[in-house]
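No lab work stands behind these numbers, since they all come straight from the coordinates. Just so it is clear, the model here is predicted, and its values are computed rather than measured. Quick reminder, even Gly has a Cβ in these numbers, built from the backbone with ideal geometry, and neighbours come from all protein chains shown.
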Amino acid sequence: MECNNDMMAMVLGNSPRGEWQYVNDAVGDAYGGEHYELYGMGFMEDATHVYFAINTHDMGLNAGQDTISNGRTQYKIGYGDLLINTTGTNLATANGNLFGVHFGANSGGVTQVGLYGNVTARSVGGQHVSSQATIDGYLRNMPANAATSANFFGSLSRETGPSYFDPTGFNVIQSGRLLSGIEMLTPNQLQGVGYNSNRFQGGTTVAFRIARSSFGPEQSVPEPTTILGLAAIGLALAIGKLRKQNVDE
């Protein structure tokens with residue numbers, strides 16, 4: 001997220017309700033080491049909800065909650081927000097017309113956990129580590145590697161990802177209209193709706209579900225192909241975590 005340590009996109013396909021879709025993110029493309037590694041994402045919808053699962057090495061929730069200690073701001077860099085794009089354009093063009101899910105504390109513009117509509121996104125990478133402020137900075141810090149190129153950004157390659165994520169690398173919700181809450185899911189609850197807990201190698205999976213009705217009648221999610229039909233990219237997740245930095249207020 002906030003340092004663009006690792007980024008991932010997921011393109012939704014035509015799968016029946018109740019069937020999970022997965023995407024693997026490249027292993028070894030996390031700036032700063034495996035602690036910041038994204039391994040993949042899963043998506044599923046049933047008659048009443050849509051489900052999201054994000055697998056990482058060991059990142060817990062709320063790692064990005066900034067605190068004040070002895071008059072200094074301690075920046076703890078954690079998850080970004082899940083950005084859902086149904087417009088058929090890249091993030092820069094779609095900005096202001098996105099859905100977004102804020103599921104853990106970060107340095108973005110919203111604090112309440114939930115689903116947001118009419119989202120304007122931004123990047124906060126530069127306020128934490130200047131060299132990671134943009135996608136170009138992330139790519140410079142992670143030299144090209146044939147083993148990671150094809151799925152460097154999950155469903156997108158190292159070559160195609162930057163044009164979708166936009167050079168600035170939007171990674172948090174700056175503003176939006178709160179549409180609903182979300183329900184966090186335990187590993188047992190995930191398995192209960194058919195999630196394959198052996199699909200990815202990471203030790204931590206953050207998962208939640210959202211009522212389909214929360215997206216509104218004009219943007220409901222009746223089938224995965226609705227998103228795919230309207231957009232080249234269904235879901236974009238930008239997360240990261242680097243190191244604590246103490247910065248004067």
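Which whole-Hz couplings ³J(HN,Hα) result when phi for each residue of region 155-166 is put into the Karplus expression 6.51 cos²θ - 1.76 cosθ + 1.60, θ = phi - 60°, listed in order with x for Gly and Pro?
6, 10, 7, 4, 7, 8, x, x, 6, 7, 5, 6
What does the net charge come to around A150 if you take all other residues with beta carbon closer than 12 Å to its beta carbon, with K and R at +1 and D and E at -1? Walk me through the numbers before you get to the answer.
Values: positive: R158; negative: D25, D29, E159.
Spelling it out: positives minus negatives among the neighbours equals -2.
Stretched out fully, how many nm does the piece from L178 to D58 gain, at 0.36 nm a residue minus the Cα gap?
40.3 nm
Express in nm, to one decimal, how much length is gained between D136 and N188 on full extension, taking 0.36 nm for each residue of separation and deducting their alpha carbon distance.
14.8 nm
Using modelled backbone amide H atoms (1.01 Å from N, in-plane), which distant-in-sequence or interchain residues come within less than 5 Å of L179's amide H?
L115, Y116, G117
I need the calculated FRET efficiency for the pair A144 and T87, taking r as the beta carbon distance and R₀ as 25 Å, to the nearest 0.05. Walk me through the numbers before you get to the answer.
Values: r = 30 Å, r/R0 = 1.19.
Plugging the Cβ-Cβ distance into 1/(1 + (r/R0)^6) gives 0.25.
With r defined as the distance between the Cβ atoms of T111 and Q201 and R0 fixed at 22 Å, what FRET efficiency is calculated, to the nearest 0.05?
Here the calculated transfer efficiency is 0.10.
Go through 181-188, 49-56, 108-115 and give me the packing order, highest mean Cβ count within 10 Å leading.
Per-residue mean Cβ counts within 10 Å order the peptides as 49-56, 108-115, 181-188.
By per-residue mean of other Cβ atoms within 10 Å, what is the highest-first order of 13-25, 79-91, 165-177, 192-204?
79-91, 165-177, 13-25, 192-204
Take the Cα coordinates of region 5-49, assign each an equal point scatterer, and use the Debye formula without solvent to give log10 I(q)/I(0) at q = 0.21, 0.23, 0.30 Å⁻¹.
-0.70, -0.77, -1.03
For R72 and T48, what is the calculated FRET efficiency with R₀ set at 30 Å and r taken between the beta-carbons, to the nearest 0.05?
My answer for the efficiency is 0.05.
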